[in-house]
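These notes concern the structure reproduced below.
The values are calculated or read from the model by the stated rules, or taken from the named source; none is laboratory data. Predicted, not measured: the structure shown is a model, and the values here were computed from it. With ideal geometry, Cβ positions are generated from the backbone for all residues, glycine too; neighbour counts draw on all protein chains shown. Each accessible area value is taken on the protein alone, full model and side chains, heavy atoms only, with ligands, DNA and RNA left out. Shrake-Rupley method; radii C 1.70, N 1.55, O 1.52, S 1.80 Å.
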Amino acid sequence: MLEANYSFFHSVEQSFDKAAKFTKWEKGLLEQIKACNSIYSMKFPVKMDDGRIEVIEAYRVQHSQHKTPCKGGIRFSMAVNQDEVMALASLMTYKCAIVNVPFGGGKGGIKINPKAHSSYELEKITRRYTSELVKKNFIGPGIDVPAPDYGTGEREMAWIVDTYQSLKPGEIDSAGCVTGKPVSQGGVRGRKEATGLGVFFGIREVCNMPDLMAKLGLTTGVNGKKVVVQGLGNVGYHSAKFFREHGAVVVSIAEFEGAIYKEDGINEEDLFQHRKATGSILNFPGATNLAKSTDALELACDILIPAALENVINGDNAPRVQAKIIGEAANGPLTPEADEIFTQKGILVVPDMYLNAGGVTVSYFEWLKNLSHVRYGRMEKRFTENMNHHILSQLEDLTGKKVSDAERNFIEHGADEVDLVHSGLEETMITATREIMDIWKANPEIPDMRTAAYVCAINKVGTSYSELGIFP
Ligand code: NAD
């Protein structure tokens, strides 16, 4: 239970300060990096289906405009308040910096329970919120670009872009005012699996570092590693899928109704279908049910992926966690006490701030697609295929040998949009992992990878501010 006067924004500031000690920036500049630049708190009336007028409380925070546009999701939740939106916006600044997405951080929230409203009411609320943002110049492809978050998805993003376009007729880049749109409205292929795939790429890169693996007593590579995943939602499902497809063994999956264990590995799609048919992941053929869902977190394994909720590993259960690597796919799955315990035990925590950045990275690709007005791969796919076909034919003529049909298809294939999005994400996650690790290696005083990630973010935002100079 959190204290009544707990401030999420203040706790982000504390993590920032812990890392700032390892940077060279002067106090004033650090204060500027931490501060929320613009906060728009609004109230507006919406007439509900029964004729009642409800006053809606909502926010949009632009934490940093050191790079524009600002970027960050919009959540619909009764827990929304200014402090939370400020904290989430600041985390977006740091997350974007780490993965080299050239945006400042932003976040929005509407204090409603989306389940308590009809779709028509939600549409009215979303459209009114968007028009309030337009009025105050808080949205636009070069200003601030929202995205989905808790309680929002493609549908809400489609309402936002439609409202924006009707208020800004003829603005040529208007589709880039929001990301996470349906593909038919300017969305990009590959976004759904982006966060889980990014989690996989990040952890795989860590596992490919021989020195680090030796320190943890593990072999290099993900092949054969035992993985436990908490949550079979979007992020958990896709994380499990990519680990399995690359040779890891997903021995346990936990959901809120319980957890299962299967020594020779779980196929996430089979489990998903089993849950759909029976309403539960329990009693999955060939697997053992665990006594409690949280028992999965304490199993002997190499990699633990909490991909469900915040604060699931805390001072109470952290001493019993046996994993060597914890990949924070969810936001905030570890409490500071758990973090402390893992640092002492030498367990590697790969931090959420960059590990789950796949979503924002692919949002960046969507925004670029909107600005360029052309689908990825459209210009070069056919050219590449013709060229590959020609090269392969020449090689076959010269050698007198033929490749198999499967090889031919693989070699001649030109990149589709989804191939390019996945490849861009892979490059992003590998580079970010290496940058953070280089910072950590260069300064052994830095206690953990989370602090190294913050140092990485502070240095990038600090450089940007210092090179901007101060406007008189
Ligand atoms: P989701 O709603 O699709 O999945 C969450 C899953 O966790 C659900 O299947 C739910 O039943 C399960 N769950 C709930 N309580 C549980 C419990 N006590 N034990 C085990 N499982 C439980 O959500 P998601 O999009 O997969 O997001 C998961 C986490 O990842 C969140 O923390 C979110 O903030 C974070 N995240 C998501 C994205 C994204 O692109 N979706 C990006 C960054 C971070």
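Descriptive notes on the structure:
- A viscosity of 0.692 mPa s and a temperature of 37 °C, combined with the Kirkwood radius over C-alpha pairs in the Stokes-Einstein formula, give region 226-315 a diffusion coefficient of 259 µm²/s.
- Sequence-separation-based contact order of region 38-185, relative, with Cα cut under 8 Å and 6+ spacing, percent: 24
- From its DSSP helices (H runs of at least four residues, each -39,500 (n - 2.57)), the chain gives a residue-normalised ellipticity at 222 nm of -14500 deg cm²/dmol.
- For region 122-239, the fraction of 1.4 Å probe accessible surface lying on carbon and sulfur atoms is 51 percent.
- Approximate spin-label separation S11-F383, in nm, with each point projected 7 Å along Cα-to-Cβ: 5.1
- Under 20 Å from the Cα of K276 - aspartates and glutamates, other chains or at least 8 residues apart: E193, E255, E257, E268
- Applying the Karplus relation 6.51 cos²θ - 1.76 cosθ + 1.60 with θ = phi - 60° to region 188-197 yields 3J(HN,Hα) values of 10, 6, x, 6, 4, 8, 4, 5, x, 5 Hz, where x marks Gly and Pro.
- Sequence-distant residues sharing a close amide H with I326 (under 5 Å, placed H): L304, L348, V349, V350
- Ratio Rg/Rh, restricted to region 38-185 and using Cα atoms, in which Rh is the Kirkwood radius: 0.95
- Exposed GluC sites (Glu not before Pro) absent: longest stretch of the chain, with sites in DSSP loops and at most 16 other Cβ within 10 Å deemed exposed: 27-170
- Compactness of the chain - radius of gyration and Dmax, Cα, Å: 23.4, 79
- Coupling constants for region 243-253 follow from the phi torsions by the Karplus curve (6.51 cos²θ - 1.76 cosθ + 1.60, θ = phi - 60°), and in residue order they are 4, 4, 5, 9, x, 7, 10, 7, 7, 8, 10 Hz; glycine and proline get x.
- Debye log10 I(q)/I(0) for region 409-460, one point scatterer per Cα, at q = 0.22, 0.23 Å⁻¹: -0.77, -0.81
- Share of Cα-Cα pairs in region 102-146 lying beyond 15 Å, as whole percent: 50
- Centroid-to-centroid separation of region 395-472 and region 77-140 [C-alpha atoms, Å]: 28
- As a ratio to 2.2 N^0.38 Å, the alpha-carbon radius of gyration for region 1-60 is 1.80.
- Estimated vicinal HN-Hα couplings, Hz - region 434-448 in sequence order (Karplus 6.51, -1.76, 1.60; Gly, Pro = x): 5, 4, 5, 5, 5, 5, 5, 5, 5, 9, x, 6, 5, x, 8
- Long-range HN-HN contacts of H117 with modeled amide H, under 5 Å: none
- Partner aspartates and glutamates whose Cα lies under 20 Å from the Cα of K262, excluding those fewer than 8 positions away in the same chain, are identified as E245, D270, D295, E298, D302.
- Set of region 25-62 residues, backbone N closer than 14 Å to the point 7 Å along the Cα-Cβ line of K136: 37-45, 56-62
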